[in-house]
Amino acid sequence: MHWDGFTAIERDVRAMVADPRWATLPGPARAQAIAARALMAPDGSCWLFGTHARWYRLDRVDGRWHLSAPPALPHVRSAARPAPGAAIPPLLVPDGPDFAVERGSTQGFVGPDVPQGVTERIRELVVAHRRLGRDDFPLPPGSFHDVFAADVAGTVAAVWATIMWCAYAPAFDGNEVLLSMFGEFLARPLPGDEWVRWLPPVRLDAIVSLYAERMLARPGETGARLAGQMAGLVVETASALRADARFRPRADALLAMAGPAAASPWLDGPAAQAGAVRQAWLARRPPHLAVATLSETSPGEHFRHRLYDLVEALGHVTASGADPRAVAASLLAADVTAVTGGATAGVVPLLYPWMDDEMRRSFYVTLTDRAHPLRGCWPSSGALPAALVPPGRDAAAALLGAAYATGLAWCAVTGTAPPPRGFPVASALVACLMHQRDDTVPGVTVTKEFHERSESGWLFHS
């Protein structure tokens, strides 16, 4: 068996941090232990396995450590050697809880459907809460009026917003039952086509507004009771969603934030008066779930994690000798070029600080050199090159999810509006899943109790 330095060091660090004595060590001792396990790759790059149970690469240009997926090519991993003595910033030293985070799944909701048990529980929640008094639960001002008809109760919006916030990447099969049950409530067709709905992310502010608005609109005990009911509905929805690994990490974070508000409706009264409910919720998030809310607290760090996921989802390209890191940088360049119409000058400088020098270089040459071999990774005529096609359904769904999540993440960093019909890379992966779709008919059957007349056919046609 050949030596794999990255696997060996990761295993060693995980065992060390899991030891109960780790938490009792002073900070400098922990930093020294991590520094002693740094690695040097054949190209001279320095790596360490640190906080959030992920790898970091020392940038030889700016001297900073960047979150960066490790090399995947076997000959690179086997040639890595220990390089103790690196200076480790305190933020990169694991404290323990961050290693306990569950990564969940990067799969998009295209191909593998949301389990029936989850969709049925969500349906029950919508049925139970759709007819609550709209005077008590109106839609608050803001983005919900762009999604729902004016007469839809805020409780329905709360279920929807929780689903979208908890989703790793809100790209759904156009016939996904979890979406179809909302057809009668929507103001307009969902963005996408008959195959996939490319939905924009929902911010935590949207969920918080449904809760805080009730507390402010009805001062005193009545407002607290209504706000508690809204928080309780968010908790019930997140509890149902966490059965699917694609929702679980963010659902757990939302449960930690909204759960106390549901149990003690008056808890956030002072924060509501100060307009600081979002901050109060984020303050309740436990340390090991911090990475699940990075999109709310640090869009740049969130982008780094999604790019890391994309590199990992491209692991299969090593079979053809390709480097997943370079391929990920190329695919990022393909999406940025397509979405900006080639006007990348205002976007690229905002992304550079969040990539290490190697990824930055691959990204740059792909953007600027039309003859560079990495341009061969770009989708052509809506399809990926054969060498990049994932080996199976699960791998294709994971790559689709990671590609869409990365697209949304770089758009958030740069202030770019996500394309309504998807990013080129994620869209090209749909063809890999079309012949393996779970559904067989372009629609769903809903009960009379839920939907007295079928109006959702337009949901599948933009």
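The values are calculated or read from the model by the stated rules, or taken from the named source; none is laboratory data. Predicted model, so just to flag it, every value in this text is computed and none were measured. No Cβ is skipped: glycine too gets one built from the backbone with ideal geometry, and neighbour counts run over all protein chains shown.
A few points about this structure:
- Filter result for ARG30 (modelled with pLDDT under 90 and either touching a Pro at 6+ places or on another chain (Cβ under 9 Å) or of a type in the set (D, E, K, R) (or both)): no
- Near pairs, Cβ below 6 angstrom, 6+ apart or cross-chain, from segment 1-19 (outside any helix (DSSP H, G or I)) to any residue that is of a type in the set (Lys, Arg): ASP4/ARG77
- Close contacts from segment 51-80, counting a first residue that is within 14 Å of ILE9 (Cβ to Cβ) and a second that is small (Gly, Ala, Ser) and in a strand (DSSP E or B), with Cβ to Cβ under 6 Å and a gap of 6+ residues or different chains, come to TYR56/GLY50.
- Residue in segment 246-253 that is in the same structural domain as ASP135 (by TED's automatic domain parsing) and over 23 Å from LEU178 (Cβ atoms) present: no
- Within segment 54-76, the set of residues being basic (Lys, Arg) and modelled with pLDDT of 95 or more comprises ARG54, ARG57.
- Residue in segment 57-68 that is of a type in the set (Ser, Thr, Tyr) and under 23 Å from TRP354 (Cβ atoms) present: yes
- Filter result for GLN279 (surrounded by fewer than 17 Cβ atoms within 10 Å (Cβ to Cβ) and in contact (Cβ under 8 Å) with a residue 12 or more places away in the chain): no
- Lone unmet requirement of (1) farther than 29 Å from LEU289 by Cβ; (2) among the polar types (S, T, N, Q); (3) touching a strand residue (DSSP E or B) at 6+ places or on another chain (Cβ under 7 Å) for SER68: (1)
- Residue check for VAL208: outside any loop (DSSP other than H, G, I, E, B), over 30 Å from VAL413 (Cβ atoms) and in the same structural domain as PHE172 (by TED's automatic domain parsing): no
- Taken over segment 214-234, the criterion of being in contact with a Leu (Cβ under 7 Å, 6 or more places away or on another chain) and surrounded by fewer than 19 Cβ atoms within 10 Å (Cβ to Cβ) is satisfied by ARG218 alone.
- Checking every residue in segment 129-147 against the condition of being part of a loop (DSSP other than H, G, I, E, B), assigned by TED's automatic domain parsing to the domain that holds GLU213, touching a Phe, Trp or Tyr at 6+ places or on another chain (Cβ under 9 Å) and among the small types (Gly, Ala, Ser) gives zero matches.
- Extreme residue, farthest from GLU296 (Cα to Cα), among residues of segment 131-174 that are in contact with a Gly (Cβ under 7 Å, 6 or more places away or on another chain) and without any contact (Cβ under 8 Å) to a residue 24 or more places away in the chain: PRO138
- Any hit, segment 303-315, residues being within 21 Å of HIS66 (Cα to Cα), surrounded by fewer than 19 Cβ atoms within 10 Å (Cβ to Cβ) and in contact with a helix residue (DSSP H, G or I) (Cβ under 7 Å, 6 or more places away or on another chain): yes
- Which numbered condition GLN279 misses (of (1) touching a Phe, Trp or Tyr at 6+ places or on another chain (Cβ under 9 Å); (2) within 24 Å of LEU91 (Cβ to Cβ); (3) of a type in the set (S, T, N, Q)): (1)
- Any chance PRO97 is under 26 Å from LEU289 (Cβ atoms), at pLDDT below 90 and under 24 Å from the mean Cα position of the chain (by Cα): yes
- Residue that is modelled with the highest pLDDT [pool: residues in segment 129-138 that are over 16 Å from ARG218 (Cβ atoms) and surrounded by 14 or more Cβ atoms within 10 Å (Cβ to Cβ)]: HIS129
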